[in-house]
Structure formats: structure tokens, C-alpha cells
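See structure below.
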Amino acid sequence: MTPPRTETERKLGEIWKELLKVEEVGVDQNFFELGGHSLLVLQVIARIRRMFEVELAVGRCSRSRRWQDWRRRWRRRTRKG
């Protein structure tokens, strides 16, 4: 398990930990293997939207299984404006 390295990663990790009801998550862990499912994806996206003021596509996030994939999508969206 690779721990969070940045403040953004820590915040995303807190979202995952709370919704998945786990104590620890690493950036290389799989959302669905940790107990995630499609309804939780929607909740994660809603929290990211509120916390970071960024929109993420549900379909793309549903296909992104690891935390680091979500982080990349978030970073790409924030760079686009």
C-alpha cells in the first residue's frame, strides 16, 4: 500500500476511507476491491465536487479503479479550467 504523498491525496483518501468504512487506503488500491460500488462512486464524485469545485464524469470514474486514477482525472479537470 502506497500512502498519500500530497494534501490532495490525503483529502481524497479521507473521502474514500469515510465512504468505504476502512481505516487506511493507499493510492494504488482498488476502489471496488475495498468494497466500493456504483452508488458509492456517485457519493465520492459529489464530495469531490464540493471539496474541490471540480466536475468529474461518472462513467470515467466508474472505470477508474485505483485512487491514483481518480487523482489524475481530478488534476486534468482542474488544469482545463
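Derivation of every value follows stated rules applied to the coordinates shown; laboratory data play no part. Predicted, not measured: the structure shown is a model, and the values here were computed from it. Here Cβ is always computed from backbone atoms with ideal geometry, including for glycine, and neighbour counts include all displayed protein chains.
Below are the figures for this structure:
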| quantity | calculated |
| --- | --- |
| Estimated inter-spin distance, Leu40 and Lys11, nm [label 7 Å along Cα→Cβ] | 2.2 |
| Karplus (6.51, -1.76, 1.60) ³J(HN,Hα), θ = phi - 60°, over region 3-8, in Hz, Gly and Pro reported as x | x, x, 10, 10, 4, 4 |
